[in-house]
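Comments concern the structure below.
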Amino acid sequence: MNTATLWTIESLESLYHQPFSTLLFQAQQVHQTQFPNHDIQLSTLLSIKTGRCSEDCKYCSQSGHYKTAVEKQTLLDNDTVIKRAQQARDNGSHRFCMGGAWKSPPDKDFPKVLDMVRSVKDLGLETCLTAGMLTEAQAQQLKEAGLDYYNHNLDTSREYYPEIISTHTYDDRLDTLRKVQQAGMKVCCGGILNLGESVTDRLKLLLELANLDPYPESVPINKLVPIPGTPLANNKSIDPFDFVRTIAVARIIMPRARIRLSAGRNDMSDELQALCFLAGANSIFYGETLLTTPLPEQDKDQLLLKRLGFKTSMAKETEDVA
Ligand code: SAM
Ligand code: DTB
Ligand code: SF4
């Protein structure tokens with residue numbers, strides 16, 4: 001049961017529009033109470049199937065609807081995945097997230113995906129998969145294979161969603177999230193900023209997330225990585241302080257969630273990333289690449305976290321969302 005406050009859009013607007021320092025102070029109070037260890041969770045991503053996706057998500061390098069420079073790749077073999085997961089573990093990652101560019105995982109590939117989940121789990125890593133819409137049976141099989149988290153983002157508000165994607169609906173997304181929760185897996189669900197949405201759209205996204213029951217254990221906040229060839233390639237960048245404010249509101253309304261400073265870090269200064277951590281982000285994608293675009297160098301990330309006094313040697317995630 002989600003016994004937390006039932007938030008309203010008005011309460012989120014009031015939080016968001018406070019003076020910046022008041023908002024960050026409030027977020028810090030929640031953060032320091034809930035996460036006194038000053039640790040940052042590290043997740044490594046691997047694209048297990050790249051490109052030729054049937055969906056028309058306007059931000060995505062992998063949509064088959066746009067001409068992008070992305071190199072297409074059919075499903076990787078299990079040995080390749082195991083090697084990459086071992087590397088991630090050796091580099092200090094806690095969680096290994098596998099991403100497949102599908103509307104939903106096809107029957108012919110699904111058993112291989114289950115094998116990948118088993119193999120990564122056997123390495124002692126937390127497992128995460130993002131592969132589109134699931135049936136109840138698929139969710140159950142993933143749970144049995146040892147999948148800890150399923151990533152499925154709501155991305156933006158219900159109202160703005162059709163401006164960005166026409167090949168599936170917001171309710172399709174919510175339906176898969178429900179199946180994941182019913183199968184007993186943890187949910188990783190967040191969104192992207194800089195799609196051309198309003199502040200209210202961002203807050204409505206956060207409201208949808210916070211009012212899930214329970215709210216997601218993991219909340220990735222992405223900043224659009226503009227991809228040449230996609231309809232959003234030339235979006236003007238949002239005010240970085242709006243990005244920080246959004247993270248702060250997420251921290252306040254989802255106190256126990258791991259909030260991940262996700263895509264977009266590559267063009268953020270150290271100072272902006274530090275502000276995002278101050279606002280309550282306590283997880284990053286770490287490694288050489290996200291799915292198809294680069295991440296900051298690992299040495300640079302380690303140095304930044306060290307300069308800020310964060311620990312990356314956390315125990316595996318054991319806390320559940322209260
Ligand atoms: N096909 C699956 C799906 O849509 O759920 C999984 C992969 S998809 C790439 C996962 C998420 O990555 C998207 O929901 C979106 O939030 C994020 N994403 C994709 N392209 C992005 C981009 N160019 N910039 C920022 N985030 C992006
Ligand atoms: C999420 O919220 N962000 C990740 C992960 N979940 C799958 C993906 C970001 C993709 C960024 C663009 C790219 O590398 O293609
Ligand atoms: Fe396909 Fe996912 Fe990209 Fe949408 S975001 S085009 S569903 S890979």
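Scan the stretch 10-31 for residues that are under 23 Å from the mean Cα position of the chain (by Cα) and either open to solvent by 80 Å² or more (accessible area, probe 1.4 Å) or of a type in the set (Gly, Ala, Ser) (or both) and the total you get is 1. If the requirement is being more than 22 Å from Ser47 (Cβ to Cβ) and either free of Cβ contacts under 8 Å to residues at least 40 places away in the same chain or touching a Cys at 6+ places or on another chain (Cβ under 9 Å) (or both), which of these qualifies: Leu154, Leu212, Leu207, Leu203? Being more than 22 Å from Ser47 (Cβ to Cβ) and either free of Cβ contacts under 8 Å to residues at least 40 places away in the same chain or touching a Cys at 6+ places or on another chain (Cβ under 9 Å) (or both) holds for just one of Leu154, Leu212, Leu207, Leu203, which is Leu212. Looking at the stretch 40-76 only, could you name the residues that are within 19 Å of the chain's Cα centre (by Cα) and open to solvent by 50 Å² or more (accessible area, probe 1.4 Å)? Hit for the stretch 40-76 is Lys58, nothing else. For the stretch 125-137, residues that are without any contact (Cβ under 8 Å) to a residue 40 or more places away in the chain and open to solvent by 20 Å² or more (accessible area, probe 1.4 Å) total 1.
Of the strands (runs of 3 or more DSSP E) lying entirely inside the stretch 175-269, those carrying at least 3 residues that are open to solvent by less than 20 Å² (accessible area, probe 1.4 Å) and away from ligand 3 (no atom under 16 Å from the Cβ) are 258-261.
Answer yes or no: is there a residue in the stretch 243-251 that is of a type in the set (S, T, N, Q) and under 16 Å from the mean Cα position of the chain (by Cα). Yes, there is a match, as at least one residue in the stretch 243-251 is of a type in the set (S, T, N, Q) and under 16 Å from the mean Cα position of the chain (by Cα). When you check Asn235 against the structure, is it away from ligand 2 (no atom under 11 Å from the Cβ), out of contact with any helix residue (DSSP H, G or I) (no Cβ under 6 Å at 6 or more places or on another chain), touching a residue at least 12 places away in the same chain (Cβ under 8 Å) and among the polar types (S, T, N, Q), yes or no? Yes, satisfied.
The values are calculated or read from the model by the stated rules, or taken from the named source; none is laboratory data. Since we're looking at a predicted model, the values are computed, not measured. When we count neighbours, we look across all protein chains shown, and the Cβ atoms used for this are built from the backbone with ideal geometry, even at glycine. Surface accessibility is based on the protein's heavy atoms, side chains included, excluding ligands, DNA and RNA. Shrake-Rupley method; radii C 1.70, N 1.55, O 1.52, S 1.80 Å.
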